[in-house]
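Report on one structure; see the data block that follows.
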Amino acid sequence: MFNIEDQSNRYQIIWDLGRRCSYACSYCPPHRNNKWSPFIDYKTLCTTVDKVAEYALLYDQFRRQPAKKKLSFTGGEPTVHPDFFKFLRYVKNTYPFFSRGLTTNGWFGSSVLDKVLSLTTGGTLSYHCESTDKQKKQVIDNAIVLRDKFKVNVMFHKDYFWECVDVCEKLEKNSVDFVPRIIGDDHPDDKKSIELGYTQVYSDDQMQWFRDYWKMKGQNVTESGNTQQGLGRPCCGGRCFKVDSVDSYF
């Protein structure tokens, strides 16, 4: 019998909590967010994670060494689920071997921020421009508080491009790890996606900014916006994948 082995030694579940979101970004397609989908009930969440944990422990029996176990919660916006933090507390207390990641838009007040700090182990915060100045300031403030555990995806809206540049500079000054993200970089040549606004087309000056930024980071950017040092586009989690014996962080 062969034992399972991989570069990251990680057993990871990307857990989609539903479509509900506190934002309605123009570039987010309807299958990714809405304001009416029902929430999954607390009991179902708990019985599901019980089975996930059971399988994770079974999986370990066939590995050379136990896998690092991670739950990564996404959506929609996970923090709008009324039982999300109650559920995170259940996971933390019942299955402490699971790390608890969160992908969030970062728009929440101090009470939610305290729960994110105490009940998650890290994650990704996304900065979106199509919101009010007050909302955006709160997101940046939260990103600074969470900087030891969270990185920031700055979603570069073509109509707010230089605002996004300013945000990156502010994050950098406050030692917040961030990634400038091209909107629609997973479908750069999809004409329908461009027509609907889910993929954005940038001006020459804007694309030059991306090239200069990634060149400064030791990487190159193609015409479509993909970075090239290995394969593909930047991974949200910066995860390492093994392809033909070559480590790639994309």
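Each 10 Å bin, from zero up to the one with the longest distance, holds this percent of the alpha carbon pairs of the range 37-125: 16, 48, 28, 8, 1.
More than 10 Å apart: what percent of Cα pairs in the range 122-161 qualify? I get 69 percent for the Cα pairs in the range 122-161 exceeding 10 Å.
Annotation: for a label point projected 7 angstrom from Cα along Cα→Cβ of Ser111, residues of the range 139-159 with backbone N closer than 19 Å are 139, 142. Over the range 103-212, what is the relative contact order in whole percent, taking alpha-carbon pairs under 8 Å and six or more residues apart? That works out to 21 percent. Computed over neighbours whose Cβ is under 12 Å from that of Asn93, the net charge equals +4, Lys and Arg +1, Asp and Glu -1. Once the 1.4 Å probe is applied to the protein heavy atoms, the range 1-143 comes out at 52 Å² accessible per residue.
Here each label is just a point 7 Å from Cα along the line to Cβ, and for Asp60 and Asn9 those points are 1.3 nm apart.
Between Val201 and Ser26, the distance separating the two model label sites (each 7 Å from Cα on the Cα→Cβ line) works out to 1.5 nm.
Taking a Cβ cut-off of under 14 Å around Asp141, the surrounding Lys, Arg, Asp and Glu residues balance to a net charge of +4, with basic ones at +1 and acidic ones at -1. In this rough spin-label picture, where each label sits 7 Å from Cα along the Cβ direction, the Thr44-Thr132 distance is 3.3 nm.
With distances taken between every two different alpha-carbon atoms, the range 40-92 has a Kirkwood hydrodynamic radius of 12.5 Å.
The values are calculated or read from the model by the stated rules, or taken from the named source; none is laboratory data. What you are looking at is a predicted structure, and each value in this text was computed from that prediction instead of being measured. Reconstructed Cβ throughout: ideal geometry from the backbone, glycine too, with neighbour counts over all protein chains shown. Ligands, DNA and RNA are excluded from the accessible area calculation, which covers all protein heavy atoms including side chains. Shrake-Rupley method; radii C 1.70, N 1.55, O 1.52, S 1.80 Å.
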